[in-house]
Amino acid sequence: FLPPLRAACAAAEPPLRWEPRCRQQLRHLQDGARIAARLPPRLEGRWASTGCEVRPGPEFLTRSYLFYANRLFKAYQFYYWDPSCRDPSYSLVIKGKLRLRQASWITRGATEADYHLHKVGIVFYSQKAMREVASWINQTSGEGCSGFLPPGRAWAPGALYELLSAKTERDCTAALGFAMHELSLVRVEKHYQPLLEPQQSGSQLVEELYLGDIHTDWVERLHYRPTGYQRPMQSAVHHVHPCPACGIIYRADEHHPPILPARAELPMQLSGSWVSTHCEVRPAVLFLTRYFIFHGNNHTWEGYYYHYSDPLCKQPTFTIYASGRYTPGSPSSKVRGGTELAFKVTQARVTPMDQLTVMMLNSSEPGSCGLTNSWSTGVEQDITPTNGCLALGIKLPHTEYELFKTEHDTKDRSLLYVGERPTDGSSPDRPDKRPTSYQAPLIQCAGASEEFSNYVSLKYLGKEDASGNEALKPLPVAFLLLIALQVLRWD
């Protein structure tokens, strides 16, 4: 939702009315010291989803991946008919080999990898699933797959059918939109979770595995090389507690697919304030945190986007403030559990936070992005009078067709899922481009009835220089050039 813009910031902006909990959460995200990421990462062991995942399409699934010390891996992908992952359709059993390579020069903090698939098998959980998948394969696959499953063949519970074999060079996976390109970009993060029991003190290690993102265009996903991440999996040994779904997914296999606990569907209640739960990563080298305020009484909204150039959200480049109106939502007919809304962006302001962004904005075409040659570091400027900012790909006014969902997490906190941005950097500016999957969730930090206690600004918590002033760590020159040359569009 909103700017698919390029790499970067956290920010000193004009004083805002921010309630303490929201400010505290955003400052907490800047505490990069609490996260450790080893390069290259250690993958040995089992990793699994922490809940039901939604991929573009939509597809509903859970994952359980096992990596061995000899580079071999065995992965389960369990697919479902429903967004609660309680009605399994089929499972894929994937075997292969993974070789970690060098640190990625495109996505900072990630490691690139090569993989080779040995076998992919499929297990169906109903005659309906078998008939539907067989129809896809028979209609869209090549000559070697046209007779994958003869019409009218009866479903055999527990039977494993081979989709791909490296030995026979048979590959019938394309009809399912299947690819394991997610394994070509890898990152493992470690942090410590405070123990929840009142009588306990200390913290518990949590390990998360981030694999490459899935392209939002079904056709492109078969060839796409990831530059962002999808929802992380967690270690079977070191995961967040409580996690009702974790044990169910860890113990599952192709004969016993995970059936997740039932969860009540929540009505869409946008009113209040919502903030990122961690430093977020988008395709094409974009790191950011988000802060939204929704005013349900008049259907207006405000959004703050803090862009960074590093995976710990410590090195700011620019901040965007945007505001406008939104329509009342209606249930999505395409993505069960989702709500469709339209958002109109009518105002925007930009605060450049590094010299590169200042140079780029000052060299933009006169009249295309604020006052000509007037940008300076840390100073906010309104870009509404120039109908946006051509240099940053922002066009005003602007309408986006969105997909939202609300849930409660295991600690009974309210989460807001906003539609996933198109991988190609475009905008969902038409109903047919409405998302069918979600970004990382935001957590509610204040309700609609809570008053703002005082005016404060979120000042970037950077390193201090010799004089005790906060200083920013310079970026590699090659990376700065990459940012300057590749600006995503928002039009």
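Brief remarks follow.
- Breaking point among (1) in contact (Cβ under 8 Å) with a residue 24 or more places away in the chain; (2) touching a strand residue (DSSP E or B) at 6+ places or on another chain (Cβ under 7 Å); (3) open to solvent by 50 Å² or more (accessible area, probe 1.4 Å); (4) over 27 Å from E280 (Cβ atoms), for Y68: (2)
- Pair list, Cβ under 9 Å, 6 or more apart: the stretch 157-177 residue modelled with pLDDT under 95, other residue part of a helix (DSSP H, G or I) and among the basic types (K, R): G177/R221
- Within the stretch 151-171, none of the residues are surrounded by 15 or more Cβ atoms within 10 Å (Cβ to Cβ), among the polar types (S, T, N, Q) and touching a Ser or Thr at 6+ places or on another chain (Cβ under 9 Å).
- Test for Y438: is it surrounded by 17 or more Cβ atoms within 10 Å (Cβ to Cβ), modelled with pLDDT of 95 or more and farther than 19 Å from E265 by Cα: no
- Of all residues in the stretch 172-183, those being open to solvent by 10 Å² or more (accessible area, probe 1.4 Å), closer than 14 Å to A75 by Cβ and not in a loop (DSSP other than H, G, I, E, B) number 1.
- Failed criterion for P244 (all others in (1) open to solvent by 30 Å² or more (accessible area, probe 1.4 Å); (2) within 16 Å of the chain's Cα centre (by Cα) hold): (2)
- Residues of the stretch 336-368 satisfying the condition of being assigned to a loop (DSSP other than H, G, I, E, B) and more than 23 Å from the chain's Cα centre (by Cα): M353, D354, S363, S364, E365, P366, G367, S368
- Counted residues, the stretch 299-335 - those being without any contact (Cβ under 8 Å) to a residue 24 or more places away in the chain and part of a loop (DSSP other than H, G, I, E, B): 1
Each row is one residue, and each column tells you yes or no for (1) among the basic types (K, R); (2) open to solvent by less than 20 Å² (accessible area, probe 1.4 Å); (3) in the same structural domain as P328 (by the TED database).
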| site | (1), (2), (3) |
| --- | --- |
| I394 | no, yes, yes |
| Y401 | no, no, yes |
| T410 | no, no, yes |
| R413 | yes, no, yes |
| E420 | no, no, yes |
| D429 | no, no, yes |
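- Matching residues, the stretch 296-338, being hydrophobic (A, V, I, L, M, F, W, C) and within 26 Å of G370 (Cα to Cα): W301, F318, I320, A322
- Residues in the stretch 336-374 that are open to solvent by 40 Å² or more (accessible area, probe 1.4 Å), touching a residue at least 40 places away in the same chain (Cβ under 8 Å), of a type in the set (V, I, T) and touching a helix residue (DSSP H, G or I) at 6+ places or on another chain (Cβ under 9 Å): none.
The values are calculated or read from the model by the stated rules, or taken from the named source; none is laboratory data. Please read these numbers as outputs of a predicted model, since none were measured by experiment. We place every Cβ from the backbone using ideal geometry, glycine too, and count neighbours over all the protein chains shown. Heads up: the accessible areas ignore ligands, DNA and RNA and are worked out on the full protein's heavy atoms, side chains in. Shrake-Rupley method; radii C 1.70, N 1.55, O 1.52, S 1.80 Å.
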